[in-house]
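To keep things clear, I will list the structure first and then write my remarks on it.
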Amino acid sequence: MSDLQRHDKDQSCIRICTSADSAPNTSSPPPNGDYSHPVYKEIALANGQINRMSKEELRKKLSDLKLDTRGVKDVMKKRLKSHFKKQKLMQSAEEGGLTDTYYDYICVVDFEATCEKDNPPGYKHEIIEFPMVLINTKTLAIVDSFQEYVKPDLNPQLSEFCINLTGITQKMVDEADPFPVVLEKAVAWLQERELGTKYKYAILTDGAWDMSKFLNIQCRLSRIKYPQFAKKWINIRKSYGNFYKVPRPQTKLSTMLEKLGLKYEGRPHSGLDDSRNIARIALRMLQDGCQLRVNERIHGGQLHSVPSSAPVEGAPPPHNPRSRD
C-alpha cells in the first residue's frame with residue numbers, strides 16, 4: 001500500500017499494550033485491577049533501575065542476556081523491561097499464578113489497490129494484490145504465506161503510476177481471478193490451517209485502510225457481504241505507538257523498522273513484501289513483550305476503536321463470501 005493511500009488513515013490512538021514504565025502494570029491487567037501481587041512490585045522496582053541505565057549499560061545488559069541489542073535507547077529499555085516482566089510472569093504461571101496469552105496465530109494482511117498519481121475525488125480503489133503472512137506467536141516465526149493477484153473490474157487498465165509503485169503489471173492482473181474468487185481462495189487457505197476452529201487467531205494490518213477502506217469498497221463493488229472474520233483487526237501502528245510511546249508520525253512502516261534497528265527486505269509497495277516486513281515488526285514487538293491484541297473494528301461500514309478493556313476474542317472461522325443481492 002502506498003504512502004499516499006496510507007496518509008491520514010489512523011484515528012487517535014487508544015492504549016493497547018500496557019506500559020511498564022511508571023506503574024507496576026503488565027500487558028494484561030490482573031482480575032479486579034488488583035496489583036497487590038508481589039510480582040508487580042518486583043516488576044516496578046526493575047523498571048525503575050532500567051530507567052536509570054545509560055544506552056551503553058542497556059546494550060551490555062541485553063548482550064549478557066543474549067537479547068537483541070539493536071534499536072534506539074527507548075526500544076532497548078522497553079525490550080529489557082519486557083524480558084524481565086515476561087520472566088516473572090512465566091515464573092508466576094508455573095507456580096499457578098498470573099499468565100498472559102492471546103492468539104495462537106496472527107495473520108498479516110497488506111492489500112495493494114488501483115491508484116492514480118493524484119486520485120480524483122470519489123476514486124474507488126480496487127484490490128489488485130491479496131497477500132497474507134502467518135505468524136506463530138508461540139515460536140515467534142513467520143510460518144506461511146499466501147498471495148494472489150486480483151483482476152480489477154471498474155478500472156481494468158492500471159495507471160502507469162500504479163504499475164511503477166507496486167511492480168504489478170497489466171499482464172499480472174489480466175491473468176488473475178476476480179476478487180470473489182480470490183477471496184474464496186484466501187478463505188480456503190485460512191480454513192486449511194484451522195484458524196478460528198482449532199487455533200485462535202487475529203488479523204493484523206499496517207493502519208486502518210486495508211480493512212475499513214480497501215476491503216470495504218471492494219466488497220461493495222463485488223456485491224458481496226463484508227467477511228465476518230475481517231471485521232476486527234490489530235492496527236500495528238496504534239500498538240507500536242502505544243507500546244514504545246512514540247508519536248503518530250513515527251509509526252510509518254519505514255520508521256518503525258528503522259527505530260527497531262531493522263532494514264526493509266524486498267520491494268517497497270509489493271503487498272507480499274510489505275506484509276513480511278510488517279510481520280517482522282510484529283515479531284520484534286512480541287519478542288519485546290508487547291501483547292498484540294485487536295484494537296480496531298468495522299461496524300455498519302464505519303471504523304471504530306476497540307477499547308483495551310474489551311474482552312480479547314479471536315477472529316471467527318472464515319467462510320466463503322455471500323452475495324449482497
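The values are calculated or read from the model by the stated rules, or taken from the named source; none is laboratory data. Not measured: the values here are computed from a predicted model. Cβ sites come from the backbone with ideal geometry, for glycine too, and all protein chains shown count toward neighbours. Side chains are part of the model used for accessible areas, which takes the heavy atoms of the whole protein and leaves out ligands, DNA and RNA. Shrake-Rupley method; radii C 1.70, N 1.55, O 1.52, S 1.80 Å.
Quick one: length gained pulling residue 160 to residue 265 fully straight, 0.36 nm per residue minus the C-alpha distance? Working shown, then result.
Details: separation 105, 0.36 × 105 = 37.80 nm, distance 2.41 nm.
My answer for the length gained is 35.4 nm.
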Original post:
How far apart, in nm, are two points set 7 Å out from the Cα along the Cα-to-Cβ line at residue 245 and at residue 124?
Top reply: 4.7
**OP:** Give 78/263; 117/225; 124/200; 55/232; 225/252 a once-over and call out the pairs whose C-alpha atoms are over 26 Å from each other.
**Re:** 117/225; 124/200; 55/232; 225/252
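Residue separation times 0.36 nm, minus the C-alpha to C-alpha distance between residue 69 and residue 194: what's the value? If you can, show how the numbers build up before the last one.
Numbers: separation 125, 0.36 × 125 = 45.00 nm, distance 3.60 nm.
Using 0.36 nm per residue and subtracting the Cα-Cα distance, I get 41.4 nm.
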**OP:** Might you tell me the accessible area per residue for segment 145-235, computed with a 1.4 Å probe and given in Å²?
**Re:** 44
Original post:
Put +1 on the Cβ of every Lys and Arg and -1 on every Asp and Glu Cβ in segment 107-176; which of 114, 132, 164 then has its Cα farthest towards the positive end of the dipole?
Top reply: 132
**OP:** Using only Cα atoms, locate the centre of segment 119-175 and the centre of segment 216-242, then give the distance between them in Å, rounded to an integer.
**Re:** 15
**OP:** Mind listing the long-range amide H neighbours of residue 144? Cut-off is under 5 Å, sequence gap 5 or more, other chains count too, H placed in the peptide plane at 1.01 Å from N.
**Re:** 134
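Using a Förster distance of 51 Å, how high is the FRET efficiency between residue 169 and residue 55, based on the Cβ-Cβ distance and rounded to 0.05?
After rounding to 0.05, the efficiency reads 0.65.
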